[in-house]
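The values are calculated or read from the model by the stated rules, or taken from the named source; none is laboratory data. These numbers come from a predicted model, not from an experiment. For neighbour counting, all protein chains shown are included, and Cβ atoms are generated from backbone atoms with ideal geometry for every residue, glycine included. Protein only, heavy atoms only, side chains kept; ligands, DNA and RNA dropped before computing areas. Shrake-Rupley method; radii C 1.70, N 1.55, O 1.52, S 1.80 Å.
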Protein chains: 2
Amino acid sequence: MNRFSLNQATTKHWPLEELVAGCVRAGVPAVGLWREEVAAYGLDKAAALVRDAGLAVSSLCRGGFFHEQDWYDDNRRAIDEAATLGTDTLVLVSGGLPGRSRDLDGARRHVADAIGALVPDARAAGVRLAIEALHPMFAADRCVVATLGQALAIAAPHPADAVGVVIDTYHLWWDDQVWRGIEEAGRQGRIASFQLADWITPLPAGVLLGRGLPGTGSIDMRRFATAVRNAGYQGWIEVEVFHEEVWARPGAEVLAEAYAGYRAAVR
Amino acid sequence: MNRFSLNQATTKHWPLEELVAGCVRAGVPAVGLWREEVAAYGLDKAAALVRDAGLAVSSLCRGGFFHEQDWYDDNRRAIDEAATLGTDTLVLVSGGLPGRSRDLDGARRHVADAIGALVPDARAAGVRLAIEALHPMFAADRCVVATLGQALAIAAPHPADAVGVVIDTYHLWWDDQVWRGIEEAGRQGRIASFQLADWITPLPAGVLLGRGLPGTGSIDMRRFATAVRNAGYQGWIEVEVFHEEVWARPGAEVLAEAYAGYRAAVR
């Protein structure tokens with residue numbers, strides 16, 4: 001179990017104290033946290049809770065949303081929160097098209113500029129910016145960075161220990177270029193996070209909450225796990241699933257299934 | 001109006017005779033037809049109706065669905081139907097993963113093999129197979145061909161007048177490689193069809209019926225129209241939109257808006 005991490009979004013309604021206790025009980029060594037949930041519990045209190053339980057924080061979600069007016073201040077806060085929580089990985093969901101814009105190239109340039117502007121803050125805090133490409137179905141409203149290739153291109157001008165990329169099976173599985181991208185990301189030392197979720201159909205309205213636990217859908221998880229391992233990644237492997245039906249179930253039960261999915265992928 | 005074509009799926013509930021009369025009345029020179037609707041009306045009768053009205057048939061949707069058992073016989077029928085309707089373009093939606101398979105590469109190889117097997121039939125009938133890449137959100141259940149680059153790779157072994165590709169704004173707009181792909185498709189003479197639909201959010205459950213009329217969403221239609229023209233394409237430009245709310249409206253009204261969207265794109 002030593003590289004497994006439960007991303008908090010998988011058990012969204014599991015209160016943080018119960019989640020931490022459940023992870024300790026199950027021998028889970030790490031959790032991925034979300035800013036909203038951490039803020040609701042209290043940042044310093046959350047940091048202490050997790051630290052005192054002996055859990056690592058594999059990542060904090062999310063910075064980014066660079067289409068919003070206050071992106072700079074908000075991302076600086078996110079960097080500080082990551083540092084306070086003791087994680088070196090801030091996942092960036094880069095945001096969609098601003099307003100009624102149709103300028104996708106312009107939005108992507110803005111993301112690159114924004115990340116560049118944040119690098120000094122991130123380095124000073126010892127936090128790495130992890131660019132997450134989201135599935136192209138989110139390109140308009142959540143993330144104009146739609147492929148691993150784009151994420152790598154945006155990361156390229158910066159040192160690998162300052163700006164990395166996220167390999168998330170859910171977002172990347174359809175892309176025939178992803179295997180080459182994972183190799184390249186590994187060569188550059190840029191794999192900052194590896195997240196597992198499965199593709200299940202039909203998608204629900206709004207498509208955000210349509211993910212399956214690893215092993216329940218169309219994605220070849222073992223191929224991803226092997227590719228990421230072969231690329232030299234030795235960090236945490238998070239299970240991060242958003243689904244109302246998963247959220248409605250007891251946290252410990254979901255945790256057990258998430259772990260089983262992880263095991264099947266990495267065995 | 002001379003290159004505009006109304007794809008029948010945009011006004012799904014408009015009976016074929018009314019649709020044809022409405023197109024003639026509006027001066028629309030071409031229609032794109034669907035096999036199910038044509039079969040419901042009667043193939044020969046539909047062919048005569050459209051021909052007698054002086055309308056061209058810009059394309060027939062759809063062949064493909066190669067994950068199904070009877071793909072060969074069904075696609076041979078689709079080729080014959082296209083020839084009977086007087087169109088040289090059969091749009092292929094290549095199908096998803098078969099059963100519970102997770103072998104995306106294998107499914108893509110099967111699509112390439114299946115298309116190769118159909119080429120002699122298509123050539124004999126004077127019908128071109130037009131490979132349509134669908135948005136990656138359909139990769140599991142409708143079309144494993146998810147990018148224009150993949151469509152071009154599958155087309156590559158075959159003569160350009162036998163196997164072409166579809167440029168559909170809805171499916172391709174998120175891809176930063178699409179502009180290069182359109183240039184390449186043009187150089188090879190492979191652009192067989194150009195279809196307009198816009199990206200609107202939030203997506204509905206099942207995501208199939210989430211398309212907007214051109215001009216109502218996030219896609220830069222003019223950039224696509226210009227790129228396709230610069231690539232040398234001089235064929236029909238279809239508006240093809242699937243949306244329950246659009247279907248609920250009077251056909252003539254939707255036709256007028258579809259045409260306005262086309263005009264704004266090509267002006």
State, to one decimal in nm, how far the label point of A:TYR72 lies from the label point of B:ALA156, with both points 7 Å from Cα in the Cβ direction.
4.6
Scoring chain B by relative contact order with C-alpha pairs under 8 Å, at least six apart, yields a percentage of 19
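Largest first, what is the accessible-area ranking of B:GLU132, B:GLU37, A:GLU244 with a 1.4 Å probe?
Descending order: A:GLU244, B:GLU37, B:GLU132.
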Given points 7 Å out from each Cα along the Cα-Cβ axis, report the A:ALA256 to A:LEU209 separation in nanometres with one decimal.
2.5
How shielded is A:30-36 by partner chains, expressed as the average number of their Cβ atoms within 10 Å of its Cβ atoms?
0
To the nearest 20 debye, what charge dipole does the protein assembly as shown have about its Cα centre, counting +1 at the Cβ of each Lys and Arg and -1 at the Cβ of each Asp and Glu?
840
Partner chain coverage, peptide B:219-228 - average Cβ within 10 angstrom
1
Modelled label reach - B:THR84, point 7 Å along Cα→Cβ, segment B:39-61 residues with backbone N closer than 11 Å
B:39-48
Quick one: accessible area per residue over chain B, 1.4 Å probe, rounded to a whole number of Å²?
37
B:LEU209: accessible area at probe 1.4 Å, nearest 10 Å²?
40
Using a 10 angstrom cutoff on alpha carbons, build the Gaussian network for chain A and name the most mobile of A:GLN195, A:GLN234, A:GLN69.
A:GLN69
When all protein chains stay in place, what accessible area (Å², nearest 10, 1.4 Å probe) is found for A:SER101?
30
When a/c reaches 1.5 or more, the comparison of a/b and b/c decides; with that in mind, is the protein assembly as shown rounded, prolate or oblate per its Cα gyration tensor?
prolate
Amide H of A:ASP168: which non-local residues (sequence gap of 5 or more, or other chain) have their own amide H closer than 5 Å, using H built in the peptide plane?
A:GLN195
Rg/Rg_ref, chain A, where Rg_ref = 2.2 N^0.38 Å and atoms are Cα
0.93
A:ALA117 to A:ASN2: extension gain in nm, 0.36 nm per residue of separation minus the Cα-Cα distance?
37.9 nm
Provide the buried accessible surface between chains A and B in square angstrom, both chains summed, 1.4 Å probe, rounded to the nearest 100.
2500
By DSSP, what percent of the beta bridges with both residues in the protein assembly as shown are antiparallel, rounded to the nearest 5?
10
Residues hit by the 20 Å² burial cutoff in segment A:152-181, accessible area with a 1.4 Å probe, assembly against chain on its own, are A:TRP173, A:TRP174, A:ASP176
Could you tell me the distance between the Cα centroids of segment B:174-250 and segment A:2-63, to the nearest Å?
43
Under a Gaussian network model of chain A whose springs join Cα atoms within less than 10 Å, the largest fluctuation of A:ALA125, A:ALA40, A:ALA185 belongs to A:ALA40
Given a Förster distance of 25 Å, the FRET efficiency implied by the Cβ-Cβ spacing of B:GLU17 and B:GLN234, rounded to the nearest 0.05, works out to 0.25
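Could you give the length gained on full extension between B:ARG109 and B:ASP44, defined as 0.36 nm per residue of separation minus the Cα-Cα distance, in nm?
19.9 nm
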